[in-house]
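The values are calculated or read from the model by the stated rules, or taken from the named source; none is laboratory data. Because the structure is predicted, anything quoted here is derived from the model rather than measured. Because the Cβ atoms are built from the backbone with ideal geometry, glycine has one as well, and the counts that use them run over all protein chains shown. With ligands, DNA and RNA removed, areas are computed over all heavy atoms of the protein, side chains included. Shrake-Rupley method; radii C 1.70, N 1.55, O 1.52, S 1.80 Å.
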Amino acid sequence: MKVLVIGGGAREHALCRSLSQDPSVTELHCAPGNAGIARVATVHPVDQLDGAQVTELAAKLGSDLVVVGPEAPLVAGVADAVRAAGIPVFGPSGAAAQLEGSKAFAKDVMAAAGVPTARSYVCTTAEEAAEALDAFGAPYVVKDDGLAAGKGVVVTSDREAALAHAASCERVVIEEYLDGPEVSLFAITDGTTVLPLQPAQDFKRALDGDEGPNTGGMGAYSPLPWAPDGLVQEVLDTVLQPTVDELRRRGTEFSGLLYAGLALTSRGTRVIEFNARFGDPETQVVLARLRTPLAGVLLGSATGTLDQLEPLRWDEGAAVTVVVASEGYPAAPRTGDPIEGLAEAEADGTAYVLHAGTKADEDGRVLSAGGRVLSVTATGADLAEARDRAYAAVDRISLKGGQHRTDIALKAATS
């Protein structure tokens, strides 16, 4: 199988790493890729938002499967263009990707499907926003209706800050605050069959103790030893399958990766948001534990044959990923700094480094090229071992002004 992955972040590096280990994959390509992905796949320059460019590249390579990683190309309809050319593609249509592209659309689908979620208002004026904030009270939850790379949500007890965020967006969804721990649960679907993966938890805030601004994610771990028994089946029955069924009923079939961000509240499980692609950094730990070869599962989604697959196999151990971010992230990330110690971080074989925002210079040095620079990932018999290995690898890496949280998976590993 010849596979082309679209994207250039740590999520795509995790996908490429897993695909490179799949015996059925004879050629692996990625566009545009990054310095780390180039070690496991052939990289190609491409405008990942241009469906015609992506389709032309896929055809030229003779791709048997195209995997669209990020949300922006999906919402832009890149999967539609590839699909129209007769090439199997893992990823929803532009219409179905509105489940992530528009919070208001997602709320409408959830209401029709009977999916439990927070009460909310869609607001387009300052007056509507003020009324909605007052209706729910603090803490205030204000979400940009459109794509914001994981940084469009403000949760605050400061009413003025909530109003300011609402004013900076064309349209916002303001909703009630959901208490309780958060869980990320991915499911692969072909539009009918829904195959849930193992749950993970990520850390959105920039600083230890869940302080600081929201980011795209500073780390993640799996499994969740504190999660209630039967959680995956419950979410499959009450959230994932009803959502896929409702979208098919509307004629907007969703195939690809359906990501449910959940809050385990005092009143039961509630959906915080949907995403239409693998989450970053949760993908890094979920794929680290997946033992079933990945390509066949993604192809099953793309070709409508998921019901023919055997049950997924999982490693019984644990995985932890720690994000190394650049100085100034998330507000004003510094780029262009050399990264040292990458080989040393992987030397003992207990951890590996997935590249997010990196590029290679003319001399072959790896430089920072984004806010989130690396995802340092390790596995172990349990969370404590995986965590120790991940942080030991982080300590071997040098990036000027680099920052990372020191408490990823700490509570789960020690409780």
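Looking only at residues of the range 90-130 that are without any contact (Cβ under 8 Å) to a residue 24 or more places away in the chain and in a loop (DSSP other than H, G, I, E, B), we find that the one that is nearest to Leu15 (Cα to Cα) is Gly94.
Which residue, of Leu49, Leu15, Leu28, is touching a residue at least 24 places away in the same chain (Cβ under 8 Å) and part of a loop (DSSP other than H, G, I, E, B)?
Values: Leu15 fails: part of a loop (DSSP other than H, G, I, E, B); Leu28 fails: part of a loop (DSSP other than H, G, I, E, B).
Sole residue among the options that is touching a residue at least 24 places away in the same chain (Cβ under 8 Å) and part of a loop (DSSP other than H, G, I, E, B): Leu49.
When we screen Leu399, Leu342, Leu383, Leu309 for residues that are touching a residue at least 40 places away in the same chain (Cβ under 8 Å), within 28 Å of Val89 (Cβ to Cβ) and open to solvent by 10 Å² or more (accessible area, probe 1.4 Å), the only hit is Leu309. The residue pairs whose first member lies in the range 177-195 and is within 12 Å of Gln241 (Cα to Cα), whose second member is small (Gly, Ala, Ser) and open to solvent by 20 Å² or more (accessible area, probe 1.4 Å), and whose beta carbons are closer than 9 Å, counting only pairs six or more residues apart or on different chains, are Asp190/Ala302; Asp190/Gly304; Gly191/Gly304; Thr192/Gly304; Thr193/Gly304.
Taking only the range 186-221 into account, find how many residues are hydroxyl-bearing (Ser, Thr, Tyr) and either surrounded by fewer than 20 Cβ atoms within 10 Å (Cβ to Cβ) or over 14 Å from the mean Cα position of the chain (by Cα) (or both). Quick ask: steps written out before the conclusion?
Initial filter on the range 186-221 (hydroxyl-bearing (Ser, Thr, Tyr)): 189, 192-193, 215, 221.
Then keep just the ones that are either surrounded by fewer than 20 Cβ atoms within 10 Å (Cβ to Cβ) or over 14 Å from the mean Cα position of the chain (by Cα) (or both); that gives 189, 192-193.
Residues meeting the conditions: 3.
Taking Asp407, is it open to solvent by 70 Å² or more (accessible area, probe 1.4 Å) and part of a loop (DSSP other than H, G, I, E, B)?
Numbers: open to solvent by 70 Å² or more (accessible area, probe 1.4 Å): no; part of a loop (DSSP other than H, G, I, E, B): yes.
No.
Taken over the range 131-157, the residue count meeting the criterion of being open to solvent by 10 Å² or more (accessible area, probe 1.4 Å), over 30 Å from Leu15 (Cβ atoms) and either assigned to a helix (DSSP H, G or I) or free of Cβ contacts under 8 Å to residues at least 12 places away in the same chain (or both) is 5. Filtered by the rule that a residue be in a loop (DSSP other than H, G, I, E, B) and either in contact (Cβ under 8 Å) with a residue 40 or more places away in the chain or in contact with a strand residue (DSSP E or B) (Cβ under 6 Å, 6 or more places away or on another chain) (or both), the range 314-339 gives Asp315, Gly317, Ser326, Glu327, Gly328, Tyr329, Pro330, Ala331, Arg334, Thr335, Gly336, Asp337.
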